[in-house]
Every structure is written in C-alpha cells, then in structure tokens.
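Since the structure comes first, as structure tokens, the remarks are kept for the end.
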Amino acid sequence: MAETAVVELEDISRVYGEGEIAVRALDHVDLTIESGEFTAIMGPSGSGKSTAMNVIGCLDSPTSGNYRFCGVEVGTLTRDQRALLRRQYLGFVFQGYNLLPRTSALANVELPLIYKSVPRAERQLAALEALRKVGLEERAHHDPSELSGGQQQRVAIARALVSNPKVVLADEPTGNLDTKTSVEIIEMLQHLNRDEGLTIIMVTHEQDMADYAERLIWMVDGRIERDDRKPRAA
Amino acid sequence: MLWETVRLAIQAIFRNTMRSLLTVLGIVIGVAAVIAMVTVGQGSTAQVTADVEKLGTNVVMVMPGQDVMQGGPGGTAAKMFSIRMNDEVQDQIPDVAISAPISQTRARVIFGNENRRTDVVGTDNRYFEAARWELLRGRFFETGEIQSGRTVCIIGETVRQSLFGNSDPIGETVRVKTLSCEIVGLLKSKGASTFGSDQDDFVILPLKTYHRRIAGNTEVLAFYISVRDGASVEDTMEEITLLMRDLRRIGRGEEDDFEVLDMKQFATMLSGITGILTGLLSAVAAVSLLVGGIGIMNIMLVSVTERTREIGIRLAIGAQARQVLLQFLVEAVILSLIGGLIGIGLGLGFAILGAKWLSIPFTPDFSVILLAFGFSALVGVIFGYFPARRAARLDPIEALRHE
Ligand SMILES: Nc1ncnc2c1ncn2[C@@H]1O[C@H](COP(=O)(O)OP(=O)(O)OP(=O)(O)O)[C@@H](O)[C@H]1O
Ligand SMILES: [Mg+2]
C-alpha cells in the first residue's frame, strides 16, 4: 500500500492572546501523518495536544505555518469550506461523548449525513450499519441517557464512522471510562484501523491505551519531543 | 434539507412542550384578539348591510344642524324644520316619493297600573309608508284625525307587551303626559335595529296632536324621505339640499345648517365607528404581537445558550453557519406559526360566541386568517433572526467546551 500523507503540519504555531499574556499552545510544530496510521499523542496537561487536534480537525486555524489536509491548503479556506472538509473527511470522538440529548442513538448517528443531504432511507441504513460495526444495533432507538458511558462512546464512534471519513480524531476517548470499558473502546478503534484502514489520531493520558497505537507522539510545551513508530504488529 | 430542518425544529419544540406553549402565549393572544374582533366586526357589518337593505336603500333623512350624528338631532342649536318645508320638499322634487315630517320626544306612557318610558313620535301616515311599517291589528290614522289633531295613537309591539301583556290594546286608552288617547293600531314588529335600539318601542300620534298636546310648538325634527324607485338617491339628495338651502335662506358661501343623510351614510358612519374600533384593536394586536415576538426572541436566546454544546457538535461534524441559522430560524417560525394557529382557533371560537351573544352572523374571513398566519410567520422570522445568527456565529471549539 503506497502511503500518502493525509495530515501535513509545517512549522505550525498557535498563539492564544497577545503580548505578555500570550500562550504559545503550539510552537513551530512539524508533523506528517500518513493514511492508515494509528497515532497516539501524549503529554502533560497544557502541552498543546487538544490544540493540535483542533488544528488538524480544521476546527481551529493556526496563527502561523502551513497545514495541508489531504493535499488541501487549509489556511486559505473559509469557515464554511472548512465545515465542508470536516463533513466529508473527518470524524470526531470526544472525551465527553457529545451526543445530542433526548435524541435516539440512531438519530445521533444519522446527524452527519443530514448535513450531507443524504436521503432519509439511505441515511438510516448507513446509521444502522455504523451502529452494527460498534455492536449497538439493538440500542438504536435508545436515548443517550439510557446508555452506559461505554455504549455512548460507541455511539459517538458510530457517528464518526458513518460518513466514511478519511481520518478519525479522538481527544481522550477513554478519559471518562473505567479500564475495562476503555479497553473495549480502544480495541474497537484498533480494529477499525487494522481492518478498515481508517486513519486514527488519538490523544490519551494513559500509556496502556497509547500502547495500542502504532505511533506515539510525545508533546511538551507546544512542541513534539518524541515521535516513535513501532512496526505494525502481525 | 429544509424538510429535515422542519422535522428537527418540531422535535426540538415538542421536547419542551410546556415552555414552548408559554413562549407563544403573546402571539396566541394577539392573533386571537385580531381574529375575534375582525370576525365579529365583519359579522356586524353584514348585519348592518342587511338591516339597511331592509330599511330600503332609497331612504333619506333630513335633520337640522351639522354633524347630527355626533350631537344627536337637535343637539346643535340650529333652528328646527316646519311642516311647510316638508311639504315643499314633497311637492317640488319629483323624485321624492314620500316625505314624512317627524317630531319626537321621550315620555312616559301609562295604562292602568303599567307604565313605560318610550319614544313618542308625531307624524302622519306618510311615515308608515316610507318606513314600510305594517299593521298587525287595527288601522292607520284617518285623514280627519290627522287634520283635526284627534287624540288617537298607534303603538309598537314592545309598548303593547309592556302595557297590555296578553290582552288586546285596540280601543284602549293610554295616557301620554297629560293626554289621553285611544289606541287605533298596532304595528307589526321589526325587532332590534343594527344600532342596537328596539325599533318597536314607540307610540305614534298624529303630528298635529303631538304639536298641540305634547310639544307646545310646531317644530319638525326631521323628514323621513323615500326616493322614487329607479331615481338616483344621490341626485335627489343634491336637489333636497339645494331646495332646503333656499327654504332656509342660506346665502352663497354659507354652510348648510341641516344635514341630508341616506342609509348608506348611516352604514358608512357605523363602519366608521367600526373602523376606529378596528384601528384600536390593530394597535393592541400590534403591541401584543411585538410582545409575543420579544417573548420568542427571549426564549430562542435562552435556547441557543442552553444548546450551545449541541450547536458545537453540529458545527464540528460539518454543519455550515447558514444551516445552523436556518435551523434556529425555522424553529422560531414554526413556534410562532403554532402560536398563530392556536390564536386563530381561539379567535374563531370567541367570534362564534360573540356572534351568538350579539345575534349577528358568524362570518369568518379566510383572507384575514391567512393574513394572521402570515403575520405570525413574519414575527418568527424577525424575532428569530437575531438568536439564530448568534447560534450560527458560535465558535465550534468554544461551543463544545461550554458548561
Ligand atoms: N481558548 C484559549 N484561550 C487561551 N488559552 C488557551 C485556549 N485554549 C488553550 N489554551 C492554552 O493553550 C495551552 C494548550 O492547551 P491544550 O488544551 O491544547 O492542552 P492539552 O494538552 O490538551 O491539555 P489537557 O491534557 O489538559 O487536555 C494551555 O496552556 C491552555 O491554557
Ligand atoms: Mg486536551
């Protein structure tokens, strides 16, 4: 498989505030992530992991530097164009699940397809299929409040998958879960990466979780300190 | 996409039904008020038109003074008419079929132990013809009675009921002020007029009798004129005006000191009053729609704040600003349309009750209903726009971090 770069950060800085109180959340970061990689980002609190994820996810614009996503220069895009990019190529999994309350799992998973103007019947099929992938098709009509944390996170993963994204970004996806459930979730991500070839970038505080990834990036003070790739396990 | 948005909006609204209902209360009240008032107003206009038609569209009244509708006949200091003037009008204008002189006052009529304050009218048989009164019993006046001013009278149905109950009034003698007169006729009931007054509540005397025994003068209060069939009422009124100016010696450039009104003007005058009422109500409606709109804006702003996280999620997964804007705008519009619908329903309900109570026809006007509906939508758009724009401009990262 010829590996192609999906994420190319070039001398990226993200500065919050100005002058004395300016915080350099990202400090001249260079990073390339290839298609099909499963990357974990670790680092102390405040080291800029979430900021990096937001930039990669086209939710935030860097203060300086170049960012190419799938070959597209993101810096020149408008807010709406970035929305289109997210809709088409990106899936998000958050620490707090971020499902719509009082909305069934199925409707939650359908949401990205609504914005892609997919017809209803097709949308429901795709959503059911995504729920099946995360093993929750019987819970399709349950509200988030009727689901456990692990189940909610699986719904969130289904929502990230449903539009067939190129990259799934997961910022501390197991941060709110117990160890057993965390392992379930991380194994699901690993499975999606290995069997479906999904590119996954994940922030985590837990070494155990990071071990599932094949590449580990260590951040300190807005810079990448270490970047280790381990050979793909058989 | 739009249909999807509508579906989502309806879901969002019914997720909090109670609050949504309270939100639209202002619009409900505004729309209900307008619908009820306009419908009742149109019902009463229809009633007026029907009544005027019954009276005859060829009826013209001449009264002394100006703006008599405001001051009431004789309310102004203008000098009264005379019988001679009435007869001149009758004789000199070919298109005047009948001109009946009328004088009138309020007085107590007594029979035995019963008594009633009523209108005592002095006129002659021409009035019965012009105003299309029919007899239920007895007869009209005889020429001799009119000429010599005999003490006879003809009464309306209401007076009969009040004084005689079930017994026959013909031939009985009633007292009007100091005068005792024999009842020779009973008129067939016409019922209540549009103006709310009971048309059957009167006693009619020959004009001469009235002048001598009741008024103590020979003044005439008004002419009740019926225009010949096929003649132009307008032209005839013009002729009457010219003749009256001549008879009352009003010089060139001087104002009329009398007024010539036809039934159409009565109706116009009435709808003028209705117009003022409608204007007033429109103001009330506008205010309550404004208040309703602000209510919607308020709740939508609260909703945007409450749902900041939801907006963040939507933006993150690829919703564009205008899609979020549309979502909240549609929600506001549907909310106010629901308010409008409830208001229309309530308004029509009140109109039905009102029509029953006022015994006027219930005439719902589709265009007014449509207008009210459109107005509700407009309120939704106007007052929903600001909150929706706020939602659309949220930064996804900050919105996701909310709470
Ligand atoms: N909106 C903001 N305004 C100002 N400073 C910010 C903002 N967002 C982040 N920062 C700062 O940028 C730096 C990096 O923050 P970031 O959230 O990326 O850290 P993190 O590595 O994700 O930390 P954690 O592990 O606690 O999630 C921190 O010092 C933070 O205070
Ligand atoms: Mg973070």
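The values are calculated or read from the model by the stated rules, or taken from the named source; none is laboratory data. It should be emphasised that the depicted structure is a prediction, and the values quoted were computed from it without experimental measurement. Glycine also receives a Cβ, built like all others from the backbone with ideal geometry; neighbour counts cover every protein chain displayed.
Worth a mention:
- The listed residue being out of contact with any strand residue (DSSP E or B) (no Cβ under 6 Å at 6 or more places or on another chain) and in the same structural domain as B:Gln104 (by TED's automatic domain parsing), out of B:Ser162, B:Ser180, B:Ser167: B:Ser167
- With respect to being more than 16 Å from ligand 1 (Cβ to nearest atom), away from chain B (no Cβ under 14 Å), surrounded by 13 or more Cβ atoms within 10 Å (Cβ to Cβ) and not aliphatic (A, V, I, L, M), A:Glu196 falls outside the description.
- Within the stretch A:15-35, tally of residues that are out of contact with any Asp or Glu (no Cβ under 7 Å at 6 or more places or on another chain) and buried (at least 17 other Cβ atoms within 10 Å of the Cβ): 6
- When residues in the stretch A:65-94 are screened for being more than 10 Å from chain B (Cβ to nearest Cβ) and touching a helix residue (DSSP H, G or I) at 6+ places or on another chain (Cβ under 9 Å), 10 of them pass.
- Failed condition for A:Gly36, given (1) closer than 18 Å to A:Ala170 by Cβ; (2) away from ligand 2 (no atom under 16 Å from the Cβ); (3) at the interface with another protein chain (Cβ under 10 Å from one of its Cβ atoms); (4) in a loop (DSSP other than H, G, I, E, B): (3)
- Residues in the stretch A:96-114 that are assigned to a loop (DSSP other than H, G, I, E, B), at negative phi and more than 9 Å from chain B (Cβ to nearest Cβ): A:Ser104 only.
- One residue alone among B:Thr209, B:Thr158 is closer than 26 Å to B:Lys79 by Cα and either among the hydroxyl-bearing types (Ser, Thr, Tyr) or outside any loop (DSSP other than H, G, I, E, B) (or both), and that residue is B:Thr209.
- Subset of the stretch A:7-33 [away from ligand 1 (no atom under 13 Å from the Cβ) and either at pLDDT 95 or above or within 14 Å of chain B (Cβ to nearest Cβ) (or both)]: A:Val7, A:Glu8, A:Leu9, A:Glu10, A:Asp11, A:His28, A:Asp30, A:Leu31, A:Thr32, A:Ile33
- Every listed requirement among (1) out of contact with any His (no Cβ under 7 Å at 6 or more places or on another chain); (2) touching a residue at least 24 places away in the same chain (Cβ under 8 Å) is met by A:Ser13 save one, (1).
- Within the stretch A:195-206, the set of residues being modelled with pLDDT of 95 or more and not in a loop (DSSP other than H, G, I, E, B) comprises A:Thr199, A:Ile200, A:Ile201, A:Met202, A:Val203.
- Checked against (1) away from ligand 1 (no atom under 16 Å from the Cβ); (2) touching a residue at least 60 places away in the same chain (Cβ under 8 Å), A:Asn176 meets all criteria but (1).
- Check on A:Arg229, without any contact (Cβ under 8 Å) to a residue 60 or more places away in the chain and basic (Lys, Arg): yes
- Matching option when the condition is touching a helix residue (DSSP H, G or I) at 6+ places or on another chain (Cβ under 9 Å), within 14 Å of another protein chain (Cβ to nearest Cβ), under 21 Å from B:Leu370 (Cβ atoms) and in a helix (DSSP H, G or I), among B:Val330, B:Val284: B:Val330
- Criterion: polar (S, T, N, Q), surrounded by fewer than 15 Cβ atoms within 10 Å (Cβ to Cβ) and either at the interface with another protein chain (Cβ under 10 Å from one of its Cβ atoms) or part of a helix (DSSP H, G or I) (or both) - qualifying residue of A:Ser45, A:Ser117: A:Ser117
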